[in-house]
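*Asks:* Got a structure here, written out as structure tokens. Questions coming.
We did not get these values from a lab; they are worked out from the coordinates using the rules stated. Every value quoted in this text rests on a predicted model; they were computed, and no experiment measured them. Don't worry about glycine lacking a Cβ; one is built from the backbone with ideal geometry, like all the others, and counts go over all protein chains shown.
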Amino acid sequence: MRHFLTLKDFSKEEILAMIDLAVQIKKEAKKKIYEPFLKDQVLGMIFEKSSTRTRVSFEVGIHQLGGKGIFLSSNDLQLGRGEPMKDTARVISRMVDMVMIRTFAQSKLEEFARYSKVPVISGLSDSYHPVQLMADYLTIKEYGKEKDLVVAYIGDGNNMAHSWLMLASKLGFELRIATPKGYEVDAAILADAQAFAAQSGAKIIIGNDPKSACENASVITTDTWISMGQESEKEQRIKDFEGFMVDATLMALAKRGAMFLHCLPAYRNYEVSEEVFEAHSEEIFCEAENRLHAQKGVMVWLDRQKD
Ligand code: CP
Ligand code: NVA
């Protein structure tokens, strides 16, 4: 049995196999063919943070696979009143076939998985957002940009930046991350990525200059400057991130026809200008839709690994 808590645990071949499954599932879904790969299975969906895309895409996804999703908010669960994660895991995993969790510390996900009888999928933690990266890569592939891929990530060294590090270092493409000073990626995660990059041939460039990161990039991406849980730092962060908005000037440095991706929700005229966002809205909302297809690929793949 495998869990999907971070891309760190997967080989290039495994990641691409899940993407291939997603491509196949999406193609059929466009013809309204929904193969019941997970017939009668139940996905427990535990949320300790807000969500639009993750909730809807997992709930619709499991439904289209022939199963059912149950939404479990920590506000309603005993988890929210202090029942330990490990007890929650031992109860819920006896009743459902797969679990998705959105939480704060990555260690909470790991604790749940350690005590779970069924596969556990991360729906985001403070450290990573791996299902988002599956959707992002599926979108890059659909736009035919996966060859000679150079991704520039501009902004906070957060869960999205960490997930890009894992994807790039596993698949072997070039990733440039530009953050303001003091908002760099986690050193341990970077060290892991560099070790994987040494094997895959990925090029990882870390810096504080958005302009040099964007030069000739084929994909530019960013994320909110204020992640869930950081609301009290808002004012300070807005000051510290000055000069890091992806605007037309930064986009003009990229390769001709470069994509702009954003995991959403987007805060216009903070991390991305209104102009860039609207000019690339087709790509961005295709990326959002691909959450549905990519996660179906992940769920079917995990189900096939069960003992
Ligand atoms: N991108 C993403 O995970 O969106 P939600 O927070 O709406 O789920
Ligand atoms: N970095 C953001 C991603 C939201 C999908 C957050 O953690 O809030």
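*Asks:* Starting from the exponent 0.38 and prefactor 2.2 Å, build the expected Rg for region 1-135 from its residue count and divide its actual Cα Rg by it.
*Replies:* Dividing the Cα radius of gyration by 2.2 N^0.38 Å gives 1.04.
*Asks:* Between His63 and Glu83, 0.36 nm times their residue separation minus their Cα-Cα distance comes to what?
*Replies:* Gain in length upon complete extension: 4.3 nm.
*Asks:* Report the Stokes-Einstein translational diffusion coefficient (µm² s⁻¹, integer) for the chain, Rh taken as the Kirkwood radius over Cα pairs, at 4 °C with viscosity 1.567 mPa s.
*Replies:* 66 µm²/s
*Asks:* Computed FRET efficiency, Cβ-Cβ of Ala279 and Arg94, R0 45 Å: what is it to the nearest 0.05?
*Replies:* E between Ala279 and Arg94, to the nearest 0.05, is 0.35.
*Asks:* Still on this structure, I have one more. Can you give me the angle between helix 187-200 and the longest principal axis of the chain, using Cα atoms only, in degrees from 0 to 90, rounded to the nearest 10?
*Replies:* The angle comes out near 90 degrees.
*Asks:* Per the Debye formula with a single identical scatterer at each Cα and no solvent contribution, what log10 I(q)/I(0) holds for region 103-209 at q = 0.20 Å⁻¹?
*Replies:* Rounded to two decimals, the profile gives -1.08.
*Asks:* Determine the alpha carbon to alpha carbon distance for each of Lys86/Lys234; Lys181/Lys255; Lys12/Lys32; Lys32/Lys68; Lys8/Lys68; Lys12/Lys145 and list only those over 22 Å.
*Replies:* Lys86/Lys234; Lys181/Lys255; Lys12/Lys32; Lys8/Lys68, as the Cα separations exceed 22 Å there.
*Asks:* Tell me the Rg and the Dmax, in Å, that the Cα atoms of region 173-265 produce.
*Replies:* 14.2, 41
*Asks:* Looking at region 28-108, which trypsin sites (Lys or Arg not before Pro) are DSSP coil and have at most 12 other C-beta atoms within 10 Å of their C-beta?
*Replies:* Lys31, Lys32, Lys39, Arg94
*Asks:* How much mean residue ellipticity at 222 nm does the chain get from its helices, if each DSSP H run of length 4 or more adds -39500 (n - 2.57) and you divide by all residues, to the nearest 500 deg cm²/dmol?
*Replies:* Mean residue ellipticity, 222 nm, calculated: -13500 deg cm²/dmol.
*Asks:* Two decimals is fine: what is log10 I(q)/I(0) at q = 0.24 Å⁻¹ for region 10-81, from a Debye sum with one equal scatterer on every Cα and no solvent?
*Replies:* Values returned for q = 0.24 Å⁻¹ are -1.08.
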